[in-house]
Amino acid sequence: MPIASVVITLDARATLHDAALAALRDDERVEVGNRVGARVPAVLETRTADEGEALVREIASVPGVLLVELVGVDRSLDEGDA
Amino acid sequence: MDRRAFLKQSAMAAATMAAARASFGQAAAPPKPTLPLAPANGVKWDKAPCRFCGTGCHVQVGVLAGKIVAIQGDPKAEVNRGLLCVKGYHVGLALYGKDRLTRPLLKKNGVQTPISWAEAIDVIAKRVAADPATFAIYGSGQWTIPEGYAALKLIKGGLGHNQIEANARLCMASAVTGFLATYGVDEPAGCYDDLDRCDVLITWGNNPAEMHPILFSRVIDRRSRGEKVTLIDINTRRTRTSAFADRSLLFKPNTDLAIANGIAHLLVERGTFDKDFVDKHCAFRAPDDKKTLQGKAISFDDYKRMLAEYTPANVEKMSGVAAKDIVYLAELFGRRDLRITSLWCMGMNQHTRGTAINSLVHGVHLLSGHFGKPGDAPTSLTGQPSACGTVREVGTLCHALPGGLVVAKAEDRAEVEHVWNVPPGRISAKVGYHTVEMFRRFSTPSDKGGDIKTLWVQTTNPGQSLPNVHELFEPSRKLADKFLIVSDVYPTATTKDADLVLPSSLWVEKNGVFGNSERRTQQWFKMVEPPGEARPDVWQLLAVARRLYELGVPGLKDKDGAYLFDVKKDGKSVPVWDFAHFFDVNVDEALFDEYRKLTKHHKKDLAPYAEYTRARGLRWPVVEQPDGSWKETRFRFTEGEDPYVAKGKGVQFYQSVTKDDRAQIWFNPQEAPPESPDADYPFWLCTGRVLEHWHTGTMTMRIPQLARAMPHAYVEMSREDASRLGVQDGEEVVLETRRGKIELPVWIDGRGSPPPGSLFVPFFDERLLINELTLHEHDPFSKQPDYKKCAARVRKKAKAS
Ligand code: SF4
């Protein structure tokens, strides 16, 4: 069960970033934190590292998302995958 | 709270802090970082710079039961403030590919056969002792500083010649000669802080969105907060960076010199250059008949006359960039109310006119006074984590000595001989072979002038990364008297046919020190054990040096008869060549503290090793303060920032080639490249990198997530060319140059989009060796080959009958 922390940078335009936030909150694998300016901290929990990778790409393609940057990944719950 | 909930909470804390801290340049005092990395789950954390690119992000490495289980962007690191790109995020996995090299392998009867370390060291030492002059070392910008220093000292101090090179010759040598020609000293004056302050960012043949994503995100983040940062992308193909650009200017390959001259022409013609800055701090220069790096002095009027033909209309004809865009660039540079940062990397460096274009871009900044204030900087980036720290600063090149000293100068040799305690004359004044020449000679029969017979490659993969490998690398593998030694962590295109393969420790399996693109020296400690019998490269060098000493090779003794790499602890010599005792003392610290004595000469001062164990890197010059602390330098040559600038000077180019504190503004003409498209080979071929893979892919192709994300090489082609050739997206084609051919799939409108007539292929894929096709023609000063342009053709693959 990899647990990844990411920072998502949203477009400054309000409509776009509200829609992006709503889309992120709809995905149960994504826990959205408190916004800091245009940046949103989030934690991704996926079954596999591959799924985590795909999820990062998915988020990057959400309209209103400018960038997804990675902060950390913890695989200690799944040591075989390290 | 269970462990899962605890980890999620920690992850959210880390992300929240990173989001706050990542507001680069915004707050006078960013939130104080406190590490959210609780040791409660048994994971032990320590700092290290990322193993991959020259950005030099710091990571926190989490180790549990002797294995890396977690990676986090280091919240205390100024470079990345807790963020990482996709490669950095997976960096821990680079250690755990299934096919790590774990034993020395000696080719016996054509088969690589396991042997002991003692035998491996003996084989090398006996070969070298028998013929030291034909032995060479080829390393890299992934060597740690102590590794590079040990290799350099072994060759130059121990064997008394200069046959040492590093792969950084292939990626940033033209940046070095550009800096030397302009300022008289290497490496950028500015730093990453410029990205937080610039109003305009110009990327010259550069794609930081993929290659230096953490730096690029600093700028994008500013824009997302509503700051106005104008991004101008000057390139030969559209990239991910172009997608963010306000203006994307596509130029015909090789014509970037015309663009830079066009800007300078308008600044001079319209009188919008910074006359005050130029009068006080600059002089003018142009190429001389002897084609020296220093060229000849010219007057401002000469300069103006030489630029005269670079009118916007002429530049449009030469480069394909619209005259109005040249005017736009010149108008931006002509404004004093803006701060302009230029970034470049391989596009300008891997260029047969690399030194010339580097000098021209510095010149445009100097001419317009866009220099020396935060945000106003011409800055070259590097691709490797220690291309600057090891290759440029330690000087692991055939002409260089540590700290910017050179073998050609008697006083420089004497200074190094003094620090090494070797007799005068030990260091040879004869420059060795640059990379292309070294490999050419290694691939030439010994009786036909091939006077490099034994070559030791460490931490690099020339069998894949050299240009024109058919000519420069492959022949050596068929010549009986050539002996190739390779130290690496995985099997590669270079280890494949090597005579001796040595398994190396990787990254946090050893101590290390790197130096990144912004003059930042970064240290880390060993955290995990390497697999099998893998050992640090620095130990391998010291063990061979000791065996040479035992065999009586005279250069391995200093003036007092002691082993050249004598390392002491509590006043007693430690037998560091014996691996059982290698970690009895910190060898890195001993080598680094010796090396740093040589860094003051050109004012590249480094602090003692111990200072770096506490910091997330320090930017040189690092100078001791009256209170005993050590202060780094963000902006060189600028009063108040750089301790070497005299009071009242404002800006002082104190390493000036003309010894008058002036930088040189160069004129260099646009010239034709060595190979251009023609009727037989109608396309331009450009090669480069992709986000997911680091250089030749040796590490990143073993990280399943990265390999799956970008599984193989491809050729990018425009939709127009594809339709003209009747080729579909994904279809395999034959790509051919005068040097070779490969078959690979076409990608239309993929990651990048070349214009009609241009192609792009990444070089990470060992199975599709694009460097069988590239040119080895190189810049006359930097000797750096041009991987960015040669003539190619493409045809559909014949259908199997
Ligand atoms: S930008 Fe470079 S140094 Fe930073 S995490 Fe990515 S690969 Fe590593």
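The values are calculated or read from the model by the stated rules, or taken from the named source; none is laboratory data. It should be emphasised that the depicted structure is a prediction, and the values quoted were computed from it without experimental measurement. Cβ sites come from the backbone with ideal geometry, for glycine too, and all protein chains shown count toward neighbours.
Computed values, structure above
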read-out: In segment B:447-464, the residues that are touching a residue at least 60 places away in the same chain (Cβ under 8 Å) and either surrounded by 23 or more Cβ atoms within 10 Å (Cβ to Cβ) or in contact with a strand residue (DSSP E or B) (Cβ under 9 Å, 6 or more places away or on another chain) (or both); value: B:Ile452, B:Lys453, B:Thr454, B:Leu455, B:Trp456, B:Val457, B:Gln458, B:Thr459, B:Thr460, B:Asn461, B:Pro462, B:Gln464
read-out: Count of residues meeting criterion [surrounded by fewer than 19 Cβ atoms within 10 Å (Cβ to Cβ) and at negative phi] in segment A:25-46; value: 9
read-out: Hits in segment A:1-40 (condition: among the hydrophobic types (A, V, I, L, M, F, W, C), closer than 13 Å to A:Val62 by Cβ and touching a Pro at 6+ places or on another chain (Cβ under 9 Å)); value: A:Val6, A:Ile8, A:Leu16, A:Ala19, A:Ala20, A:Ala23, A:Val32
read-out: Any hit, segment B:202-215, residues being farther than 27 Å from B:Trp747 by Cα and of a type in the set (Asp, Glu); value: no
read-out: Yes/no for B:Pro467 being more than 19 Å from B:Asp99 (Cα to Cα) and in contact with a Pro (Cβ under 6 Å, 6 or more places away or on another chain); value: yes
read-out: Selection count where residues are near the ligand (Cβ under 10 Å from one of its atoms) and either farther than 14 Å from B:Trp507 by Cα or in a strand (DSSP E or B) (or both), scope segment B:75-104; value: 9
read-out: Scope segment B:49-71; condition closer than 28 Å to B:Asn206 by Cβ and either assigned to a strand (DSSP E or B) or more than 10 Å from the ligand (Cβ to nearest atom) (or both); matching residues; value: B:Pro49, B:His58, B:Val59, B:Ile71
read-out: Subset of segment A:47-72 [surrounded by 21 or more Cβ atoms within 10 Å (Cβ to Cβ) and acidic (Asp, Glu)]; value: A:Glu53, A:Glu69
read-out: B:Leu106 within 11 Å of another protein chain (Cβ to nearest Cβ) and among the aliphatic types (A, V, I, L, M); value: no
read-out: Of residues in segment B:381-410 being outside any helix (DSSP H, G or I) and within 16 Å of the ligand (Cβ to nearest atom), the one surrounded by the fewest Cβ atoms within 10 Å (Cβ to Cβ); value: B:Gly383
read-out: Verdict on B:Tyr138 being touching a residue at least 12 places away in the same chain (Cβ under 8 Å) and under 18 Å from B:Ser505 (Cβ atoms); value: no
read-out: Qualifying residue in segment B:767-786 (condition: assigned to a helix (DSSP H, G or I), within 21 Å of B:Thr494 (Cα to Cα) and hydrophobic (A, V, I, L, M, F, W, C)); value: yes
read-out: The lone exception for A:Arg39 - which of (1) within 20 Å of B:Met17 (Cα to Cα); (2) at pLDDT below 85; (3) out of contact with any helix residue (DSSP H, G or I) (no Cβ under 8 Å at 6 or more places or on another chain) it fails; value: (3)
read-out: Residues (facing another protein chain (nearest Cβ under 10 Å) and at positive phi) located in segment B:40-63; value: B:Gly42
read-out: Residue match in segment B:286-303 (condition: at pLDDT 95 or above, surrounded by fewer than 16 Cβ atoms within 10 Å (Cβ to Cβ) and assigned to a helix (DSSP H, G or I)); value: yes
read-out: Residue that is nearest to the other protein chains (Cβ to nearest Cβ), among those in segment A:42-82 that are at pLDDT 85 or above and in contact with an Asp or Glu (Cβ under 7 Å, 6 or more places away or on another chain); value: A:Val43
read-out: Top-ranked residue of segment B:619-655 - restricted to ones that are acidic (Asp, Glu) and farther than 16 Å from B:Gly404 by Cβ, ranked as surrounded by the fewest Cβ atoms within 10 Å (Cβ to Cβ); value: B:Asp627
read-out: Helices (runs of 4 or more DSSP H) enclosed by segment B:174-250 - at least 2 residues per element that are within 14 Å of chain A (Cβ to nearest Cβ); value: B:208-211, B:213-224, B:240-244
read-out: Unmet criterion (only one of (1) within 16 Å of the ligand (Cβ to nearest atom); (2) closer than 18 Å to B:Thr521 by Cβ) for B:Glu210; value: (2)
read-out: Qualifying positions in segment B:383-420 - touching a Ser or Thr at 6+ places or on another chain (Cβ under 9 Å) and charged (D, E, K, R); value: B:Arg392, B:Glu393, B:Arg413
read-out: Elements of type strands (runs of 3 or more DSSP E) in segment B:670-756, at least 1 residues being among the charged types (D, E, K, R); value: B:715-717, B:732-737, B:740-748
read-out: Identity of the residue in segment B:64-77, buried (at least 19 other Cβ atoms within 10 Å of the Cβ) and more than 8 Å from chain A (Cβ to nearest Cβ), that ends up nearest to B:Ala19 (Cα to Cα); value: B:Pro75
read-out: Subset of segment B:213-252 [within 16 Å of the ligand (Cβ to nearest atom) and among the basic types (Lys, Arg)]; value: B:Arg218, B:Arg240
read-out: Residue selected from segment B:83-101 under the condition in contact with an Asp or Glu (Cβ under 8 Å, 6 or more places away or on another chain) and at the interface with chain A (Cβ under 10 Å from one of its Cβ atoms), by the criterion surrounded by the most Cβ atoms within 10 Å (Cβ to Cβ); value: B:Leu83
read-out: The one condition in (1) out of contact with any helix residue (DSSP H, G or I) (no Cβ under 9 Å at 6 or more places or on another chain); (2) modelled with pLDDT under 95 that B:His602 fails to fulfil; value: (1)
read-out: Residue that is more than 30 Å from B:Val268 (Cβ to Cβ), under 28 Å from the mean Cα position of the chain (by Cα) and more than 14 Å from every other protein chain (Cβ to nearest Cβ), where the choices are B:Gly752, B:Gly726; value: B:Gly752
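Okay, residues lined up against (1) away from the ligand (no atom under 16 Å from the Cβ); (2) of a type in the set (Gly, Ala, Ser); (3) in the same structural domain as B:Asp74 (by TED's automatic domain parsing):
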{"position": "B:Ser487", "(1), (2), (3)": "yes, yes, no"}
{"position": "B:Thr494", "(1), (2), (3)": "yes, no, no"}
{"position": "B:Gly512", "(1), (2), (3)": "no, yes, no"}
{"position": "B:Ser517", "(1), (2), (3)": "no, yes, no"}
{"position": "B:Pro530", "(1), (2), (3)": "yes, no, no"}
{"position": "B:Glu533", "(1), (2), (3)": "yes, no, no"}
